[in-house]
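Student: Let me give you the structure first, and then I'll get to my questions.
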Amino acid sequence: MESEGNLRGGALSTLEAMVVSMGFMAPSVAMFFNTPFIAGFAGAAMPLAMLLSFAAVFLVALGFSQLARRTTSAGSVYAFVSDAINPRTGFMGMWFFIIGYGIFEAATYSIFASFSSELMDRTFGIAVPWVIPFLFIAGLVYGLSVLGVTQSVRGGLIFLGYEIVIVTIMLLAVIFQGGAEGNTLSVFSPATGSGIGGVFLGMIFGIMSFVGWKAAASLGEETRDPHTSIPRALLGAVAIIGLYYVFVTYAATIGFGPSNMDRFAGDTAWFDTLTREYLGVGWAPFVGIAALTGAIASAIGIHGATVRLLYSLGRDGVLPRALAKVHPTRHSPYVAASVQGGFSVVLGLVFGYLVFGAPADTYGYFGGLGTLAVLIVYIFINVSVFLYFFRKERENFSVLRHAIIPLVATAAVCLPIYGLIYPVPDPPFNLWPYLIAAWALIGLIFLFFISRRRPDLLEAMGRAFSEPGDEPDTAQENVRGTTRPTSQRPAE
């Protein structure tokens, strides 16, 4: 019988939770399609831009991981922010999170469809309409999601492992052969590229490459020993992928040569170019397939994180309670998965066919728009770190960890926000800030409505937030005040 219930507790290990965040970042997809934009700004200093992006995201992750030790909620963002600041701010953080992550799924389906269609034509001379691979990846991700989180994550691990191994082989060949102009550390100096200003602008797409690192936090209710496992998974994912990104950007720069980065920035299939030059034509299809498996791993992580937020909101009564239904045998939030999956398919097909006319353009547009929304969420997180420890755990408050680091992290993520809105991009990209503002306005109207008509919902928001040391709270909660059963919390 279908019912509203709990997710499957203890289904995932620390490694498997880490895979979710690593897969969501889609390392090969990010490097294949974002690096030409970084090089366009930073030039030969592309590795430096990536190194600084890595540092900025790791600072955010440090603060976020400390909050992750205090909750196992499937709706991590709005639980964290609601508890640290207030439920209304938590709602707005969740609101930006939904649009940011929600549209990333459609973007990922689109780039998978575009590149797989191109790969089939280039490799086998077969013309495949992009809608076929689009529906294939959508069906695969949805099927794994309904089967349950364990199958979904293990499927992502296979795809993630393949892409990293294949791309690493190709880039090691570049380094061992000395690239086009020899190995050099000068690429970590802004003077080698377009100057420090170009490096900062390149960070826009550098930080975009990390979007999704916090996906594991939404799996707290399904991970063994989540108060310890989730922080480790988050920091581990950022550290491993960050180092991998620096390695990739260094090898790519060396492969083309620091003096030829204009050529690199204009080569949309640079990975194919390097593979053919340094490994041979026979390896090219394997590297192309790595991009496709990376997109699948990314889509699995995106879908899982967004679905579990919808589940959490349905459970708390903020959204329809049907979203909190779980499969009777698989214990997966299949209703929320159906809603999110259907939304992504419709969005990708409508924009791919009727608006842009090409799925690759859908990826670029929604990638930038989603990044802008998610960077705003990062600011919410940094503020939450400071206020939570300053207000609620003053005895544990550290000026360095809970004030200076969040402040520096906020300044760092503001750089790409500035770059995304000024100078004003060409149409239709100039609509990004207005679309985000419109989404915020809709959220504020919704917030005003529930504040006036259903104030009990605000009280319910973030109720799953656990105190330090509590056992995971996966109890089903009722917004009218009854709970079955939950851990005891100290009186406020």
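The values are calculated or read from the model by the stated rules, or taken from the named source; none is laboratory data. From a predicted model like this one, the values you see are computed outputs, not experimental measurements. Cβ sites come from the backbone with ideal geometry, for glycine too, and all protein chains shown count toward neighbours.
Student: Among the residues of segment 159-175, write down those that are over 14 Å from Ala284 (Cβ atoms) and surrounded by fewer than 22 Cβ atoms within 10 Å (Cβ to Cβ).
Tutor: Within segment 159-175, Gly161, Tyr162, Ile164, Val165, Thr168, Leu172, Ile175 qualify.
Student: When you look at Phe397, is it out of contact with any strand residue (DSSP E or B) (no Cβ under 7 Å at 6 or more places or on another chain) and either surrounded by 16 or more Cβ atoms within 10 Å (Cβ to Cβ) or of a type in the set (Gly, Ala, Ser) (or both), yes or no?
Tutor: Here the answer is no, as Phe397 does not meet what is asked.
Student: In addition: Does Phe446 satisfy the condition of being surrounded by 13 or more Cβ atoms within 10 Å (Cβ to Cβ), more than 23 Å from the chain's Cα centre (by Cα), assigned to a helix (DSSP H, G or I) and at pLDDT 70 or above?
Tutor: It is true that Phe446 is surrounded by 13 or more Cβ atoms within 10 Å (Cβ to Cβ), more than 23 Å from the chain's Cα centre (by Cα), assigned to a helix (DSSP H, G or I) and at pLDDT 70 or above.
Student: Within segment 156-181, track down each residue that is without any contact (Cβ under 8 Å) to a residue 24 or more places away in the chain and over 28 Å from the mean Cα position of the chain (by Cα).
Tutor: Phe176
Student: Additional query: Which residue, of Ile240, Ile230, Ile207, is buried (at least 24 other Cβ atoms within 10 Å of the Cβ) and either at pLDDT 80 or above or over 19 Å from Leu309 (Cα atoms) (or both)?
Tutor: Ile207
Student: May I pose another question? Given the structure, is Ile376 exposed (fewer than 14 other Cβ atoms within 10 Å of the Cβ), part of a helix (DSSP H, G or I) and of a type in the set (Val, Ile, Thr)?
Tutor: No, not satisfied.
Student: Condition check: in contact with a helix residue (DSSP H, G or I) (Cβ under 6 Å, 6 or more places away or on another chain), free of Cβ contacts under 8 Å to residues at least 40 places away in the same chain, over 23 Å from Ala84 (Cβ atoms) and part of a helix (DSSP H, G or I). Does Ala336 satisfy that? If you could, list the steps in order and put the result at the bottom.
Tutor: Details: in contact with a helix residue (DSSP H, G or I) (Cβ under 6 Å, 6 or more places away or on another chain): yes; free of Cβ contacts under 8 Å to residues at least 40 places away in the same chain: yes; over 23 Å from Ala84 (Cβ atoms): yes; part of a helix (DSSP H, G or I): yes.
So Ala336 passes the test.
Student: Leu274: at pLDDT 85 or above, of a type in the set (A, V, I, L, M) and buried (at least 22 other Cβ atoms within 10 Å of the Cβ), yes or no?
Tutor: Yes; evaluated as a whole, the condition is true for this residue.
Student: Taking segment 138-188 as the search range and keeping residues that are over 16 Å from Tyr244 (Cα atoms), among the small types (Gly, Ala, Ser) and part of a helix (DSSP H, G or I), which one is modelled with the lowest pLDDT?
Tutor: Ser152
Student: Restricted to segment 118-137, and to residues that are exposed (fewer than 15 other Cβ atoms within 10 Å of the Cβ) and part of a loop (DSSP other than H, G, I, E, B), which residue is modelled with the highest pLDDT?
Tutor: Pro129
Student: Return the total of residues in segment 294-330 being surrounded by 24 or more Cβ atoms within 10 Å (Cβ to Cβ), closer than 18 Å to Leu140 by Cβ and of a type outside the set (A, V, I, L, M).
Tutor: Number satisfying all stated conditions: 6.
Student: I'm trying to understand the selection: among the residues of segment 345-372, which are part of a helix (DSSP H, G or I) and of a type in the set (Phe, Trp, Tyr)?
Tutor: Phe351, Tyr353, Tyr363, Tyr365, Phe366
Student: Now for a different question. Picking from Pro406, Pro416, which residue would you name as being at pLDDT 85 or above and within 23 Å of the chain's Cα centre (by Cα)?
Tutor: Being at pLDDT 85 or above and within 23 Å of the chain's Cα centre (by Cα) holds for just one of Pro406, Pro416, which is Pro406.
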